[in-house]
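Worksheet: one structure, shown below.
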C-alpha cells in the first residue's frame, strides 16, 4: 500500500501552525486508490472471525462500512455525543488539549461478538482506545484494529496493548 502515499495530499500548518495534515480526500476521489485502500484494510482480517465492524466518526464511517461489506458483516457507528437516537454507552478520553467523548448504542453489540474497529488515522491513540473500551463495555471482544494511516511519532499504538493491529501507511514524522 506504500504507493498510496502519493495519493494523500500533505497540507502544512493545518489546522494550526506546526501541524502537518495528511488529507485523505485526494485518495478518496481516486477509484483505484480507494479500492486498494479498502482491500488493504479488510484483507488482514479475512481469515479472522469478525462479527461486526465498528467505525469511528466520521472518516471511520467511510472506510468501516466498505470494510464491513468486504468482510460480509454488519456495521456499527461510534459517534460524538448526542448523535445517536437510542440509549447509549459513553466513553470519555483525553486529547492533547482537553477531552472528548464517544458513544455507541447500548444494544449495538451482543455479548461475545468479535469486533473489528476501523478508522482512517491512528495518531495519539486516545480515540482508538476509547472505541476499544466502548466495544468492551458493550460486551464485545475487539478482534482487531485497522487504520489507513499511522503517525508513528505520536506513539498511539502504545495505548492499544496486544490487540491485532493493521496499518496501511506509516509516517515517521
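A short reminder: the numbers here are calculations on the coordinates, not readings from a lab. The model shown is predicted, which means the values in this text are computed figures rather than measured ones. Here Cβ is always computed from backbone atoms with ideal geometry, including for glycine, and neighbour counts include all displayed protein chains.
Computed per residue of the chain from DSSP H runs no shorter than four, each worth -39500 (n - 2.57), the mean residue ellipticity at 222 nm is -7000 deg cm²/dmol. When only Cα pairs below 8 angstrom with a gap of at least 6 residues are kept, segment 49-171 shows a relative contact order of 24 percent.
Among 67, 11, the order by Cβ neighbours within 10 angstrom, fewest to most, reads 11, 67. Taking only the alpha carbons of the chain, we obtain Rg and Dmax values of 15.5, 45 Å in that order.
One decimal place: the segment residue 111-residue 141 gains 10.0 nm when fully extended, by the rule 0.36 nm per residue minus the C-alpha distance. With R₀ fixed at 35 Å, the C-beta to C-beta distance from residue 172 to residue 49 puts the FRET efficiency at about 0.55.
Could I get the Rg over Rh figure for segment 1-59? Both from C-alpha atoms, Rh via Kirkwood, rounded to two places. So for segment 1-59, dividing Rg by the Kirkwood Rh gives 1.07.
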